[in-house]
Amino acid sequence: MSAQVIDTSEKSAVAFDVERVRRDFPILAQRVNGRPLAYLDNSASSQQPRAVIDAIGTYYRESHANVHRGVHTLSQRATEGFEGAREKVRRFINARSTREVIFVRGTTEAINLVAQSYGRSNFRRGDEVVLTQLEHHANIVPWQMLAAESGLVLKVVPIDERGMIDVAAYESLLGPRTKLVTFAHVSNALGTVLPIERLIALARARAIPTLVDGAQAIPHMKIDVQALDCDFYAFSGHKMFAPTGIGVLYGREALLEAMPPWQGGGDMILTVSFSGTTYNALPYKFEAGTPSIADAIGLGVAIDYLGKLDWSAVSAYEEGLLAYATRRVGAVPGVRLIGTAERKVSVVSFVMEGVHAHDLGTILDAEGIAVRTGHHCAMPVMEFFKVPATARASLAFYNTREEIDRLAAALGRAREVFA
Ligand SMILES: Cc1ncc(COP(=O)(O)O)c(C=O)c1O
């Protein structure tokens, strides 16, 4: 393959040096089962550039100590790294202040934080939360748990056969008892990009708070929480080329200020006595215990890395790659694409007639091709499409057309064997 891939997709031709970018990700250079690795499971977790991996090692070799509480040099270094990462996140998503950037383990924990803190203190029996049929289980189950406790009612926005949500149905579900609306920015199972600007504006017009699950959007598009005008935005580091164990809940300061802490312990308090405890200021009020310091620093370095890429070239390249993958996979005999929304990123989800998704996954793995098979933590989506599972190839900017060609060829062979 030539070092410089010229993307000639529907969009304007843009030069994007994918081979150069690939060299930044050491894991991609290996062989798996005797074949070059084709890593097409980025929606589950992305890979990390060398800069991120090195930063974690350097941190542990040179700077590790606990944050915030120490006067000694290492503690100060660790604190600077950790708080420096918070400022990088603030700039990355254009939050107004670092008080609005809460470090959590990932999207799941961010959503649970909102449910347990905002939900518990604001929702009464019969109040409603509106969410969509496209949600990942992480944005369903926390609300169901709260509903079981508090009598909260969940209202679900339906999807159509393309995997797009019905905005009119959404609007009709917004009522006087709606206390929060929440939706994925991008569906992990289908790749659908939801029209969140419109969904947020409709909620805002009724003074209903909004929580966006940004887990699948954050590696593919520029997020500006002020422009979006959402109240909460959640994402995970490991989906955006940073380590596992770190994620972010962005929250509008006025809301966070009024919310009670959801976990108690060190760092989230100012004073503790048996006659009463006072809580720390934002964002620490929501960060009980020793945080994932190295991973936060890694997240900051991933943000630095992404900041050096030309995002108009990256977006055009990814768009071309997705169009190519959709065409190639869709043309394999017996394949049915699941999720064909007008606006999509990254994901080609499909089933093959006569072949179970798990068998497909195993066959592909034998050729060094990593895809995910299963319900993708989105069982209501599978239920809608009446399939138990799909195979899902999910792309990042370091994937190539050659990898897609290998995927399509392997699928063709699988079809011949099984059909
Ligand atoms: C849309 C969406 N929401 C939430 C999550 C949960 O993310 P995490 O497991 O990093 O907490 C995922 C993970 O796949 C996801 O795709």
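Details
- The residues of the chain expose on average 41 square angstrom of accessible surface per residue, using a 1.4 Å probe on protein heavy atoms.
- Taking the empirical scaling 2.2 N^0.38 Å for compact globular proteins as reference, region 156-206 has a Cα radius of gyration ratio of 1.13.
- At most 12 other Cβ within 10 Å, DSSP loop - GluC sites (Glu not before Pro), region 236-302: none
- Of every Cα-Cα pair in the chain, the percent that sits beyond 41 Å: 17 percent
- Applying a length cut-off of 24 Å (Cα extent along the axis) and a mean Kyte-Doolittle floor of 0.0 to the DSSP H helices of the chain leaves 311-330.
- Under the criterion of Cα pairs below 8 Å and six or more residues apart, the relative contact order for the chain equals 23 percent.
- For the chain, adding -39500 (n - 2.57) for each run of n ≥ 4 DSSP H residues and dividing by the number of residues yields -10500 deg cm²/dmol at 222 nm.
- Solvent exposure of GLU62, expressed as accessible area, is near 110 Å², computed with a probe of 1.4 Å over the protein chains only.
- Ordered from largest to smallest accessible area (heavy atoms of protein chains, 1.4 Å probe), the residues LYS308, LYS344, LYS155 come out as LYS308, LYS155, LYS344.
- Accessible area of the chain belonging to carbon and sulfur atoms, whole % at 1.4 Å probe: 53 percent
- Cα lying deepest toward the dipole's positive end in the chain, options PRO142, ALA29, GLY119, charges on Cβ: GLY119
The values are calculated or read from the model by the stated rules, or taken from the named source; none is laboratory data. All of these numbers come straight from a predicted model, not from anything done at the bench. Note: ideal-geometry Cβ built from the backbone for every residue, glycine included; neighbour counts use all protein chains shown. Side chains included, ligands, DNA and RNA excluded: accessible areas come from the protein's heavy atoms. Shrake-Rupley method; radii C 1.70, N 1.55, O 1.52, S 1.80 Å.
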